[in-house]
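Visitor: Right, I'll just put the structure down here and ask away after.
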Amino acid sequence: MVYVVFDRRGEVDDYIPVALAGLRDGATRVLVVINGPLSNAGRAALEPFSDEILVRENVGFDIWAHKEALDHIGEGISEFDEVVLTNDTWFGPVRPFGPVLARMGDRAVHFWGLTDHAREEPNPFTGDGVLHYHLQSFWIAVRREMFLSDAWTAYWRDLPSMPSYFDAVLKHEAMFTNHFTELGYSVDVAFPSAEYPTDHPALFNPDLLLEDGCPVVKRRPFFHYPPFLDRHAVIGRQILRRISGSGFPMAVIWQNLARNVAPRILNADAGMLEVLPDVDVGYDSARPFRILVIAHITRIDALPGIFDRMSHLPAPYDVVLTAVAPIAELLRDAVVQARPSGAAVIEVREGGSDGGSDMSAFLTACHNVFEPPRYDLVVKVHTRLPGDRTGNERRYFERWELDNVLGSPGYARNALALFQRESGLGMVFPPTIHIGYGNMGGAWEGLRDSAVWANERMGVKVPMDGASPLAPFGGMFIARPDALRLMLAQDWAAIAAKRSMPPGDLARLQERLFVGAAGERGYHVRTIIGAEHAGISHNSLEYKIDQMASTTPGYPVEQIQFLHSMGNVGRGRAIDYLWMYLRRNRPRAVRLLHPVGRIIAGVRRRFRALRGRHATEGSRR
């Protein structure tokens, strides 16, 4: 058994020892091949389940790792009756391996796989030619007559280089089966695509494969491009429910996905929005949490309202109120007169800054409240309203945030029940607000480069979202303190100085970093929403999407790809439309003209700056 592992950190996620333990009983020898570095902790995790660990440079994907493993085994391969080439691209065993291995062991074939892919013409990867029928390369079992042949030796000796993922598919996975069947070797598959409603059941029908006893579930349905999965009605939440029903340890799945999938992609693929009712349907009062509420107060008149929201939590809980200096003094007097029902301890701290007050207070003025660890959960709320919005927008923002965090006693208990149910759940917060806001498609707000820099500083290697990050926009959430550890450990004043960031920009950056920092520690997040707001939000989104799609034909994935191929529409000027035409129809010309465009843009920026400086000097005279 050859099992290939790749981890960008050089570590070993918990699902891998589970997979190897499942393979161990059916294998005489397990060789684990590591593409890239391997930490001491990673090696310690692998050693109980492997006979040998081979560490190699991460070149050629798992295909060249298999080649190097075969070279490493050499003539010793003759000791075995069957060699299985597999990798870490699946979760399992979700069903027992034994029945499948026994069934396939009785079949007189030269090689076999768990799943296959039907023949396609034209080849979807190239747009022409044929994609041959093939076994999927994450599991190929080969028997003696084939792996001791000259044809086998020649295939691996002449294997071409594979610098990209598509090379690995087109030069090996899509060729291997056809190559050997044309040479007369017989092939079989445990779960043939011909018996399923699609040509790619490992991606499109994993729930049906599980029903039929397939022992593994591919990881791809949880990180593939969401509009593509939407086009094929692949429902990740349903797949995960089936896996959970089998008794498989879901915590190892969530840990791996949180650390290795861009958060917004995972949120969409796995269906991680929870619509919570106002009636308690899941909280176990026999397992209470130690809860801390941190509330930043910007308006004394909002204090009764925020206290009322806190009272929706099951008592007892501690409260820390933060405010800038003048308000903090007023707060100390106010809490003598009134306090939230259920609060065991209440403290007032001075903290915060203009523009990013609640985030600054939380991460700076309150970071030491978590040391030593005293709380299981922290609830972060505030009374801040957006300053650049109309009255209606401000009112709905407040409702959206508070209703979807502490909407009612039943709602709050249901939110806490999510943490009781999932030990790896790190945060919950409302979905991205879009009513009264135009941030969809660009919610990085020019902060992505700073986020890349900050993640490198924190050691966060979770892939970053594209157009908009998954984030607690608005700054209210419930979280495990351990999921916030990386954020709480930073010197934010030094970061702001290094990046020359005013408080408002720093606060917006911090909002956008929480989910990746939690994911790095293995914690996944969920978005939560009440039934009323779910109805309002869905209807609004449905109408807006319908209008935006009305001029572009095809399924959403095709509409998105078409629009992306044209790029940004700019301000709708003639030059913008020209660039869109060229990007869509003359991409080679764009590549040639792009350096010229950068020079012209730089000249224009300098001209505008010079003109602005002259105007300023003229106004002073």
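The values are calculated or read from the model by the stated rules, or taken from the named source; none is laboratory data. As the structure is a computational prediction, the values presented were derived from the model and not from experiment. A quick note on method: Cβ atoms are made from the backbone with ideal geometry, for glycine too, and the neighbour counts reach across all protein chains shown.
Visitor: So, in region 42-92, how many residues would count as being closer than 26 Å to residue 243 by Cβ and among the aliphatic types (A, V, I, L, M)?
Guide: Looking only at that region, the number is 4.
Visitor: Something else about it: Can you confirm whether region 498-520 contains a residue that is in contact with a Phe, Trp or Tyr (Cβ under 8 Å, 6 or more places away or on another chain), over 17 Å from residue 273 (Cβ atoms), surrounded by fewer than 19 Cβ atoms within 10 Å (Cβ to Cβ) and without any contact (Cβ under 8 Å) to a residue 40 or more places away in the chain?
Guide: Within region 498-520 (the criterion being in contact with a Phe, Trp or Tyr (Cβ under 8 Å, 6 or more places away or on another chain), over 17 Å from residue 273 (Cβ atoms), surrounded by fewer than 19 Cβ atoms within 10 Å (Cβ to Cβ) and without any contact (Cβ under 8 Å) to a residue 40 or more places away in the chain), the answer is no, since none of the residues qualifies.
Visitor: Continuing with this model, one more query. Looking only at region 119-159, count every residue that is free of Cβ contacts under 8 Å to residues at least 60 places away in the same chain, surrounded by 14 or more Cβ atoms within 10 Å (Cβ to Cβ) and β-branched (Val, Ile, Thr) and tell me the total.
Guide: 1
Visitor: Just to verify a result, which residue in region 287-305, among those that are among the β-branched types (Val, Ile, Thr) and closer than 14 Å to residue 330 by Cβ, is surrounded by the fewest Cβ atoms within 10 Å (Cβ to Cβ)?
Guide: Kept after step one, since they are among the β-branched types (Val, Ile, Thr), are these residues of region 287-305: 291, 293-294, 297-298, 300.
Within this subset, residues satisfying the condition of being closer than 14 Å to residue 330 by Cβ are 297-298, 300.
Numbers: 297: 26, 298: 16, 300: 14.
Out of the qualifying residues, it is 300.
Visitor: While we're here: Determine which member of the set 529, 560 is surrounded by 14 or more Cβ atoms within 10 Å (Cβ to Cβ), at pLDDT 80 or above and either hydroxyl-bearing (Ser, Thr, Tyr) or in contact with an Asp or Glu (Cβ under 9 Å, 6 or more places away or on another chain) (or both). Before the answer, list the steps.
Guide: On the way: 560 fails: either hydroxyl-bearing (Ser, Thr, Tyr) or in contact with an Asp or Glu (Cβ under 9 Å, 6 or more places away or on another chain) (or both).
Going through 529, 560 in turn, the sole match is 529.
Visitor: Here is a follow-up. Would region 270-282 turn up any residue that is assigned to a helix (DSSP H, G or I), within 30 Å of residue 461 (Cβ to Cβ), touching a residue at least 12 places away in the same chain (Cβ under 8 Å) and touching a Gly at 6+ places or on another chain (Cβ under 6 Å)? Talk me through it step by step, then tell me what you get.
Guide: Looking only at region 270-282, we keep the residues that are assigned to a helix (DSSP H, G or I), and these are none.
Looking for residues that are assigned to a helix (DSSP H, G or I), within 30 Å of residue 461 (Cβ to Cβ), touching a residue at least 12 places away in the same chain (Cβ under 8 Å) and touching a Gly at 6+ places or on another chain (Cβ under 6 Å), one finds none in region 270-282, hence no.
Visitor: Another question about this same structure. Within region 68-86, identify whether any single residue is closer than 20 Å to residue 210 by Cα, assigned by TED's automatic domain parsing to the domain that holds residue 34 and at pLDDT 95 or above, and answer yes or no.
Guide: yes
Visitor: Pull out all pairs, ordered by first then second residue, where Cβ-Cβ is under 7 Å, the residues are six or more apart or on different chains, the first lies in region 54-67 and is outside any helix (DSSP H, G or I), and the second is polar (S, T, N, Q).
Guide: 56/35; 58/35; 60/161
Visitor: Quick one: in region 74-91, which of the residues that are surrounded by 13 or more Cβ atoms within 10 Å (Cβ to Cβ) and part of a loop (DSSP other than H, G, I, E, B) is nearest to the chain's Cα centre (by Cα)? Even if it seems obvious, please write down each step before you answer.
Guide: Step one: of region 74-91, the residues surrounded by 13 or more Cβ atoms within 10 Å (Cβ to Cβ) are 77, 80, 82-91.
Imposing the further condition that a residue be part of a loop (DSSP other than H, G, I, E, B) reduces the set to 80, 88-89.
Working: 80: 40, 88: 18, 89: 16 Å.
My answer is 89.
Visitor: Tally up the residues in region 216-260 that are touching a residue at least 60 places away in the same chain (Cβ under 8 Å), surrounded by fewer than 22 Cβ atoms within 10 Å (Cβ to Cβ), in contact with a Gly (Cβ under 6 Å, 6 or more places away or on another chain) and not small (Gly, Ala, Ser), please.
Guide: Residues flagged as touching a residue at least 60 places away in the same chain (Cβ under 8 Å), surrounded by fewer than 22 Cβ atoms within 10 Å (Cβ to Cβ), in contact with a Gly (Cβ under 6 Å, 6 or more places away or on another chain) and not small (Gly, Ala, Ser) within region 216-260 amount to 1.
Visitor: Being surrounded by 20 or more Cβ atoms within 10 Å (Cβ to Cβ), of a type in the set (Lys, Arg), in a loop (DSSP other than H, G, I, E, B) and at pLDDT 95 or above: is that true of residue 29 here? If you could, list the steps in order and put the result at the bottom.
Guide: Working: surrounded by 20 or more Cβ atoms within 10 Å (Cβ to Cβ): no; of a type in the set (Lys, Arg): yes; in a loop (DSSP other than H, G, I, E, B): yes; at pLDDT 95 or above: yes.
No, not satisfied.
Visitor: Right, here's the next one. Which residue, of 109, 94, is in contact (Cβ under 8 Å) with a residue 60 or more places away in the chain, surrounded by fewer than 20 Cβ atoms within 10 Å (Cβ to Cβ) and in a loop (DSSP other than H, G, I, E, B)?
Guide: Working: 94 fails: surrounded by fewer than 20 Cβ atoms within 10 Å (Cβ to Cβ).
One residue alone meets the criteria, 109.
Visitor: Within region 112-135, which residues are among the aliphatic types (A, V, I, L, M) and assigned to a loop (DSSP other than H, G, I, E, B)?
Guide: Keep residues of region 112-135 that are among the aliphatic types (A, V, I, L, M), which gives 114, 118, 130-131, 135.
Hits for region 112-135 are 118, 130.
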